[in-house]
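**Student:** Sharing a structure, written as structure tokens. Questions coming.
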Amino acid sequence: MKVVVRYFASLRDHAHKDEEVVDFAPGITAAGAYAALGLPVALPVAFAVNAERVPPGTTLADGDELVFLPPGGGG
């Protein structure tokens, strides 16, 4: 399933891009996607799916937009 992933602040620097479309296995969670992308484990992040903040265990669906919000994250 395809998910649009958007990166902000320090995560944008880490990923070297603002956004990408990622093909994840069905049933993956927001936190699972973060881990699968190899993003910094020590960085506390919040998650948003389709413009709503969600808990890390939220299951993603095909076509979702997933945003990782690092501390102090902005545009």
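**Student:** Give the residues of the stretch 32-60 that are small (G, A, S), surrounded by 12 or more Cβ atoms within 10 Å (Cβ to Cβ) and within 16 Å of R6 (Cβ to Cβ), sorted by residue number.
**Tutor:** Hits for the stretch 32-60 are A33, A36, A46, A48.
**Student:** Which one of these does N50 not meet: (1) at negative phi; (2) touching a strand residue (DSSP E or B) at 6+ places or on another chain (Cβ under 7 Å)?
**Tutor:** (1)
**Student:** Taking the criterion of being without any contact (Cβ under 8 Å) to a residue 60 or more places away in the chain and open to solvent by 50 Å² or more (accessible area, probe 1.4 Å), would at least one residue in the stretch 2-12 satisfy it?
**Tutor:** Yes, there is a match, as at least one residue in the stretch 2-12 is without any contact (Cβ under 8 Å) to a residue 60 or more places away in the chain and open to solvent by 50 Å² or more (accessible area, probe 1.4 Å).
**Student:** Restricting the stretch 16-31 to residues that are under 19 Å from K2 (Cβ atoms) and in a loop (DSSP other than H, G, I, E, B), which is most open to solvent (accessible area, probe 1.4 Å)?
**Tutor:** Among them, the one singled out is P26.
**Student:** Given L11, L43, L39, which one is of a type in the set (A, V, I, L, M, F, W, C), modelled with pLDDT under 95 and not in a loop (DSSP other than H, G, I, E, B)?
**Tutor:** Being of a type in the set (A, V, I, L, M, F, W, C), modelled with pLDDT under 95 and not in a loop (DSSP other than H, G, I, E, B) holds for just one of L11, L43, L39, which is L11.
**Student:** Out of everything in the stretch 61-75 that is at pLDDT below 95 and assigned to a strand (DSSP E or B), what residue ends up being least open to solvent (accessible area, probe 1.4 Å)?
**Tutor:** Applying the filter and picking the extreme gives F68.
The values are calculated or read from the model by the stated rules, or taken from the named source; none is laboratory data. If you're wondering where the values come from, they're calculated on a predicted model, not measured in any experiment. Backbone-built Cβ (ideal geometry, glycine too); neighbour counts: all protein chains shown. Ligands, DNA and RNA are stripped out before the accessible areas are found, and what is left, the full protein with its side chains, is counted by its heavy atoms. Shrake-Rupley method; radii C 1.70, N 1.55, O 1.52, S 1.80 Å.
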